[in-house]
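Working notes, structure below.
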Amino acid sequence: MSRPVDVLLEFLEAEQARGVTHVHLDDGAREALREVFHSTKAKKAAPPRLESAPVAVAEISLDSTPAPVAAAKIPIEGTTHAEQLDSLRRQAENWPTAKSLGSLRETMVFSAGNPEARVMLVGEAPGYQEERERQPFVGPAGQKLNDILKAMGLSREEVYISNIVKFRPSTPKQTTNNRKPTAAEIAACLPLIRAEISIIRPACIVALGETAAEGLLGITGTVASTREKWHDYEGTPVRITYHPSYLLQTGDGHQTKRQVWEDMLAVMEKLELPISAKQRGFFLPQA
Ligand code: URA
């Protein structure tokens, strides 16, 4: 017997086949979808791992903004992870749903790192420096992220670093200032990060800040209320922690530094990385 979610997917695929890229939902439809989503989640015994490419992606936004539902199949070419990411990168360059919003800048900043990485770190969106260099996390927040990785005994080359939104959000008369992406901008780019995860298939994901958590998991709580536990993204464990820019704002003496480190210790345990006694004690208040 078909589950309601299968009927919905069939409908979206049929719409897509006839060229429809957006389906508008009224409040009643959103409520019905929420019920389908929650009942499917409750019934799911063991969440399946994502299939490898080609990547089928259906995006359903359940928030209250009038964001469209975009059902998109991203055809991915190549056999190795590196080839598949390259195929995705080419398509991301002119990603139509992002371009059509008109609120994101032109330059696409793709991910960086190891296509075979066991851990994927996901941020918000590129900023001024990232756009200039076309690399994620190369500005001040990126330097902080490098420090965190180093403390874990990892380098940028070993992990995979990505963003929920692949274009810098624009502002009027923009110079070096950056802004948080909107729900519509997140929804527009979501198929890209979903495809990246299904290619890389990391052992775990770190969501850096609320925007990443919201995009990946559809949850809107603060980092304080959602960290310290494992979340699930289609079978892949996700740890939420503070964004490195928040660490820059709060300063070195602040307890946030230890909290981020505790989140990273949990990630290291999940990855079964060696942890020394010295590492366990990092950023604890001095007695
Ligand atoms: N902040 C992010 O979330 N991503 C970047 O790439 C840089 C800063």
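The values are calculated or read from the model by the stated rules, or taken from the named source; none is laboratory data. Quick caveat, the model's predicted, so the values are computed rather than measured. Here the Cβ is made from the backbone with ideal geometry for all residues, glycine too, and neighbour counts use every protein chain on show. Heavy atoms of the whole protein, side chains included, go into the accessibility calculation; ligands, DNA and RNA do not. Shrake-Rupley method; radii C 1.70, N 1.55, O 1.52, S 1.80 Å.
His254 exposes around 80 Å² of accessible area when a 1.4 Å probe is run over every protein chain in place. Considering only beta bridges that DSSP places wholly inside segment 150-275, some 50 percent are antiparallel. Of the peptides 107-119, 262-274, the ranking by mean beta-carbon count within 10 Å, highest at the top, reads 107-119, 262-274.
Averaging over all projection directions, the Cα-based convex hull of segment 77-202 occupies 7.4 nm² in the image plane. For segment 138-287, the number of Lys pairs with C-alpha atoms closer than 24 Å, counting only pairs eight or more positions apart or on separate chains, is 18. Scoring 219-226, 127-134 by mean Cβ neighbours within 10 Å over their residues and listing the highest first yields 127-134, 219-226.
One compactness figure for segment 144-287 is 1.09, namely its Cα radius of gyration divided by 2.2 N^0.38 Å. Among residues other than Val206 with Cβ under 11 Å from its Cβ, the summed charge is +2 (Lys and Arg +1, Asp and Glu -1). Counted by Cβ distance under 15 Å from Val119, the other residues give a net charge of -1, where Lys and Arg count +1 and Asp and Glu count -1.
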